[in-house]
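I have placed the structure first, in the form of structure tokens, so that the comments after it can refer back to it.
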Amino acid sequence: MHELSIVQSLVALCEENLKSRANKFDSITPPKIREVVVKIGVLSGVEPHYLQSAYDVYKIGTVCDEAELSIITQPVVVKCLECGGVEELKKHEFSCPKCKSTELEVKDGEDMYLMRLVIE
């Protein structure tokens, strides 16, 4: 389950962001992370439900202890090298929805990104 190592890296990134922004907040009340928003591509190899489970367990006692994890699933977006169309694939069939060519370049849906931190 590589989702645990991903969560460890995600929490470390949250800690770094919180430290870098700490001086912008009132020093009496330390800032807290309220929400962590990630985008997970369908082809990233990351299973959202396993990531959520690992996060729920690992966050205890960290800067993300009270933070909700919001997951946005990114479908596969391809550019057809034949007709030039940019389309979202609805199925796991790697052919252009317009011209049916299999000469495709993946534009989105292979990665995982930290999209937003809500810090109060």
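Results, tabulated for the structure shown:
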item	result
Cut-off 17 Å, label 7 Å out along Cα→Cβ of residue 13, residues of segment 44-67 by amide N	44-56, 58-59, 63-65, 67
Disulfide-incompatible cysteines by the Cβ rule (no partner under 4.7 Å) in the chain	14, 64
C-alpha long axis of helix 3-21 to longest principal axis of the chain, angle in °	60 degrees
Reachable lysines from residue 32, criterion Cα separation under 25 angstrom, eight or more residues apart if same chain	19, 24, 59
Once the Cα gyration tensor of the chain is diagonalised, semi-axes √(5λ) in Å	37, 16, 10
Size of charge dipole - the chain - debye, nearest 20, with Cβ of Lys, Arg +1 and Asp, Glu -1, no other charges	240 debye
Sulfur and carbon atoms: percent of accessible area, segment 1-61 [1.4 Å]	55 percent
Residue-averaged [θ]222 nm for the chain, counting only DSSP H segments that reach four residues, each worth -39500 (n - 2.57)	-8000 deg cm²/dmol
Degrees separating the helix 48-58 axis from the principal Cα axis of the chain, which is the longest one	10 degrees
Simple spin-label estimate for residue 50 and residue 72 in nanometres, 7 Å along Cα-Cβ	2.4 nm
Heavy atoms of residue 6: accessible area, 1.4 Å probe, square angstrom to 10	40 Å²
Partners for residue 100 among lysines (Cα-Cα distance below 22 Å; same-chain residues under 8 apart left out)	79, 90, 91
Heavy-atom accessible area per residue - the chain, 1.4 Å, Å²	62 Å²
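The values are calculated or read from the model by the stated rules, or taken from the named source; none is laboratory data. A quick note: this is a predicted structure, and the numbers were derived from the prediction, not measured. In this analysis, Cβ positions are derived from the backbone assuming ideal geometry, glycine residues included, and neighbour counts consider all displayed protein chains. Keep in mind that these areas ignore ligands, DNA and RNA; they rest on the heavy atoms of the full protein, side chains included. Shrake-Rupley method; radii C 1.70, N 1.55, O 1.52, S 1.80 Å.
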